[in-house]
Amino acid sequence: MIHQAARITGISEENYRVKTLTLELALPAARPGQFAMVWLPNVNERPLSLLDADPVRFTVARVGAFTAALHDLRLGDRLWVRGPLGQGFTVRGRHLLLVGGGYGVAPLHFLARAALAAGAQVSVVIGARTAADLLFMDRFAALGVPVITTTDDGSAGRPGLVTAGVEHLLATATTPIDQLAACGPGPMLTALERLAAVHHLPAQLSWENRMRCGMGICGTCAKDGWLVCSEGPVRRT
């Protein structure tokens, strides 16, 4: 797959370490949960989940050298994109519960819009370490979907892990939830996978792992016998 060069047309500060970049580029075939490989010459190439496909938007947390370089870009600067890649989410059922941890909320906002367009009901649980790390509450509220927040330190929303918010919503939802979709840190996804099994709830979980090719050729992203880039990142249970 050939890279497409794209200029940055918008930069939004989401919180103290997260920015959203808008590109002069459209990937109309992209689905929520898919990703693109983003290349900066002389820096590196890394996978980024899609927040939007038309125009393309990426929400980027500053966590290392590559993302720091992205954060240093300015309006009009270029980066190179190849995608969409991987297996994304599928809108299934009448009521979807979306669970995001940290900056994993970005592809879920894409999914929420697709689910609402398909006539499904959407509920959201967002978890983070602290109030300062929470993302996208206003964006989800603007869609008219109910949002529960949790923080590990209790500085906002319900105190504790995101699973506590999920348990609360499963117990209090006025209409049955028939699908869970989640994106976030590995331990969170593992806990949600167990929780979904207990409640006999179908789940779609978006996993991360180190990638190089993004197309299932090199095997760098292999995880427990499957390739995150081509068989995932979204896996159904």
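Just checking, how many residues over segment 23-44 are in a strand (DSSP E or B) and buried (at least 19 other Cβ atoms within 10 Å of the Cβ)?
Result for segment 23-44: 5.
Going through segment 202-237 one residue at a time, which ones are open to solvent by less than 20 Å² (accessible area, probe 1.4 Å) and of a type in the set (A, V, I, L, M)?
Ala203, Leu205, Met211, Val228, Val234
So, in segment 9-22, exactly how many residues are touching a residue at least 60 places away in the same chain (Cβ under 8 Å), surrounded by fewer than 18 Cβ atoms within 10 Å (Cβ to Cβ) and of a type in the set (Asp, Glu)?
0
Is at least one residue of segment 65-73 surrounded by 19 or more Cβ atoms within 10 Å (Cβ to Cβ) and farther than 23 Å from Asp133 by Cβ?
Looking for residues that are surrounded by 19 or more Cβ atoms within 10 Å (Cβ to Cβ) and farther than 23 Å from Asp133 by Cβ, one finds none in segment 65-73, hence no.
I'd like the full set of residues that are in contact with a Cys (Cβ under 8 Å, 6 or more places away or on another chain) and either among the basic types (Lys, Arg) or at pLDDT 95 or above (or both), limited to segment 207-232.
Of everything in segment 207-232, those that are in contact with a Cys (Cβ under 8 Å, 6 or more places away or on another chain) and either among the basic types (Lys, Arg) or at pLDDT 95 or above (or both) turn out to be Arg210, Arg212.
Consider Gly144 carefully, then state whether it is at pLDDT below 95 and either within 16 Å of the chain's Cα centre (by Cα) or at positive phi (or both).
The answer is no for Gly144.
Under 8 Å by Cβ, and 6 or more places apart or on different chains, what pairs join a residue from segment 160-189 that is more than 27 Å from Gln34 (Cα to Cα) with one that is buried (at least 17 other Cβ atoms within 10 Å of the Cβ) and of a type in the set (S, T, N, Q)?
Gly160/Thr150; Ala164/Thr150; Ala173/Ser123; Thr175/Gln121
Would you mention how many residues in segment 73-86 are part of a strand (DSSP E or B) and either within 19 Å of Val43 (Cβ to Cβ) or under 10 Å from the mean Cα position of the chain (by Cα) (or both)?
Residues that pass the stated criteria total 6.
Out of curiosity, is Thr190 surrounded by 14 or more Cβ atoms within 10 Å (Cβ to Cβ) and modelled with pLDDT of 95 or more?
So Thr190 fails the test.
In segment 168-187, what residues are open to solvent by less than 60 Å² (accessible area, probe 1.4 Å) and among the β-branched types (Val, Ile, Thr)?
Thr175, Ile177, listed by residue number.
Show me the strands (runs of 3 or more DSSP E) entirely contained within segment 87-167 in which 3 or more residues are crowded, with 24+ Cβ neighbours inside 10 Å and in contact with a strand residue (DSSP E or B) (Cβ under 8 Å, 6 or more places away or on another chain).
95-101, 121-128
Limited to segment 46-85, what total is found for residues that are touching a residue at least 40 places away in the same chain (Cβ under 8 Å) and within 15 Å of His3 (Cα to Cα)?
Total meeting the criteria: 11.
Under 6 Å between Cβ atoms, at least 6 apart or on separate chains: pull out the pairs that start in segment 203-221 with a residue that is touching a residue at least 24 places away in the same chain (Cβ under 8 Å) and among the hydroxyl-bearing types (Ser, Thr, Tyr) and end on any residue that is open to solvent by less than 20 Å² (accessible area, probe 1.4 Å) and not in a loop (DSSP other than H, G, I, E, B).
Cβ pairs passing all conditions: Ser206/Cys183; Ser206/Pro233; Ser206/Val234.
One line per residue, one yes/no per condition, for (1) farther than 26 Å from Leu143 by Cβ; (2) touching a Phe, Trp or Tyr at 6+ places or on another chain (Cβ under 6 Å):
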position	(1), (2)
Thr20	no, no
Ala30	no, no
Pro41	yes, no
Ser49	no, yes
Ala69	yes, no
Leu73	yes, no
Thr90	no, no
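The values are calculated or read from the model by the stated rules, or taken from the named source; none is laboratory data. A quick note: this is a predicted structure, and the numbers were derived from the prediction, not measured. Here Cβ is always computed from backbone atoms with ideal geometry, including for glycine, and neighbour counts include all displayed protein chains. These area figures cover heavy atoms from the full protein model, side chains too; ligands, DNA and RNA do not enter into them. Shrake-Rupley method; radii C 1.70, N 1.55, O 1.52, S 1.80 Å.
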